[in-house]
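Below is one structure; the comments refer to it alone.
All of the numbers you see were taken from the coordinates with simple rules; none came from a lab. No experiment lies behind these values; they were computed from the predicted model shown. Reconstructed Cβ throughout: ideal geometry from the backbone, glycine too, with neighbour counts over all protein chains shown.
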Amino acid sequence: MPARQSRNRTTKAAPTKRHELGAYWLWYRADRDDWAICWYATTADGRERRTCRKSIGIGGGDASHPPKAAQDALAEHYLATQKPVEAPIGQVYVEKLMADWLINHAQPNLSDPVRYANGAGHWLAFFENEQATGRLPGPPTVADISSALVERFHAWRAKQGVSGHTISRDTAALRQPLNWAWKRNMIASAPFVPDVKHKPEPRDLVYSVEQVARLLEAAWSREDRQHIHMFAMIMLSTNARVEAVLELNKDQQVRDGLIYFNAPGRQQTKKRRSIVPICPTLAPWLDLYHGRAIQWQKRHLDPSTGEPWFEYLPTDRIKTAFSKTLIAAGICHQAIDEEGSPIWLPPRHKLGETAPRPKLVGLGSPNTLRHTTSTEMHRRGVPEAQIETAAGHRGTGTNNRHYRHLRPEYLTQFVEGVEAFWSDVGKLTKVHLVNQRKPVVFDLAA
């Protein structure tokens, strides 16, 4: 059978790159020598996308090189469309703006989007309560947001026993979506959202050296909580941010005796991530295994032999495990209800309990370790500038910010303060020392 002969095909020229600005572009109709501005529009039912064209009555040039007059007309049209063209604020629903903000801004850009999602959830519950009492005729629009409404939300949350600082964070879950929508011309104006009144000054809880020792012992005593031990070791040795420690990849961010908490390719935000020297006590812990520093040990049983084996999984949240570790260490108190009465849980008959037991809540949060480090460094006379640098707070001067970590003396007094702190911990426990505890070496290749 004769071989099939290939047909001669004319090679198509590469498509001409059109001149664009935002969602608009220029299109040239050669037979009329006319330029038009084009954009996509969706039909009212949302099923079809069609191209719209607007002739600008300008000729000359070619498809690859529009004349300057056509480019200026495109720029003028683009600027005109950036003015608020959406529905009046009385027709824009707050719930939709919150959802758009969470998806398009909070999740990809903010360090703790879950906090804002929880705040938005409280607002939705409040709006339902307002509708049930007749103060809102239906789902609120932007026009319904007033100072009186916001103050009722503050009172509603306060009756639930929530602190002023928590109410302030919840308020930001309304204020920020409104401002975000206004800046993007989705609404013509953003209403004023007042903050909670008489907000108390922040009181940063810190752990004592004795509590730190108990916390580390409790974390190491159980295999499924040993990632809390590693987390506490890094936090107390570096003064880093919680999210930076949870996301720390040792293969990419630990080198030359330094921890680069801002991962390669990650843009620095207002909550800056620092570069911190590795203190001697922490160094051997960072050498135990590769990859993410904080890995949770999930226990499995081999179905054939009944022998346990562990799966090591990176974790992005440790709040629950941290709280359980605090309770195990005795760093806790009994929970109370909205009326201020102690909460009791029913007895667990399977465990032989016959009397109710108190519901316990851990004192503090993972971020309390950061406050503890700052306090301990101040107590040991570490210069304020070094404490602030380790914490990721912005320094003064480009040269200081960009190159100070290259100096041999970089944060030496901070490291000395950390080692002095671990020396005090060592008077109560040895759980912070690798050679004393003989820690499990994770074999991730197995």
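Things worth noting here:
- The C-alpha atoms of the chain define a longest principal axis, and helix 113-132 lies at about 80 degrees to it.
- Long-range HN-HN contacts of TRP25 with modeled amide H, under 5 Å: CYS38
- Protection proxy ranking, highest mean first, for peptides 272-284, 377-389: 272-284, 377-389, where packing is the per-residue count of other beta-carbon atoms within 10 Å, averaged.
- GLU95/LYS68 FRET efficiency (R0 35 Å; Cβ-Cβ; nearest 0.05): 0.15
- Two-site FRET efficiency, ARG29 against GLU76, from Cβ-Cβ distance with R₀ of 22 Å, rounded to 0.05: 0.65
- When Cα Rg over 2.2 N^0.38 Å is computed from the coordinates, the matching label among (i) 1.15; (ii) 0.90; (iii) 1.34 is (iii).
- Sequence-ordered 3J(HN,Hα) estimates for segment 234-241 from the Karplus curve with 6.51, -1.76 and 1.60 and θ = phi - 60° stand at 5, 4, 6, 9, 10, 6, 7, 7 Hz, glycine and proline given as x.
- q = 0.16, 0.20, 0.24 Å⁻¹, segment 89-183: log10 I(q)/I(0) [Debye, one scatterer per Cα]: -0.64, -1.00, -1.37
- Candidates ALA125, ALA80, ALA63: whichever shows maximal mean-square fluctuation once the chain is modelled as a Gaussian network with Cα springs under 10 Å: ALA63
- When the Gaussian network model of the chain links Cα atoms closer than 10 Å, the mean-square fluctuations of LYS68, LYS250, LYS197 top out at LYS68.
- Members of LYS96/LYS183; LYS68/LYS183; LYS298/LYS319; LYS324/LYS359; LYS183/LYS270 lying beyond 21 Å, as alpha-carbon distances in this model show: LYS68/LYS183
- On Cα atoms only, tilt of 209-220 relative to the major axis of the chain in degrees: 80 degrees
- Rg to Rh, two decimals, where segment 20-81 supplies the alpha carbon set and Rh follows Kirkwood: 1.02
- Taking amide H atoms as placed 1.01 Å from N in the peptide plane, the amide H of THR141 lies under 5 Å from those of VAL94, each 5 or more residues away in sequence or on another chain.
- When you count the other C-beta atoms within 10 angstrom of each residue and take the mean per peptide, 33-43, 410-420 line up highest first as 410-420, 33-43.
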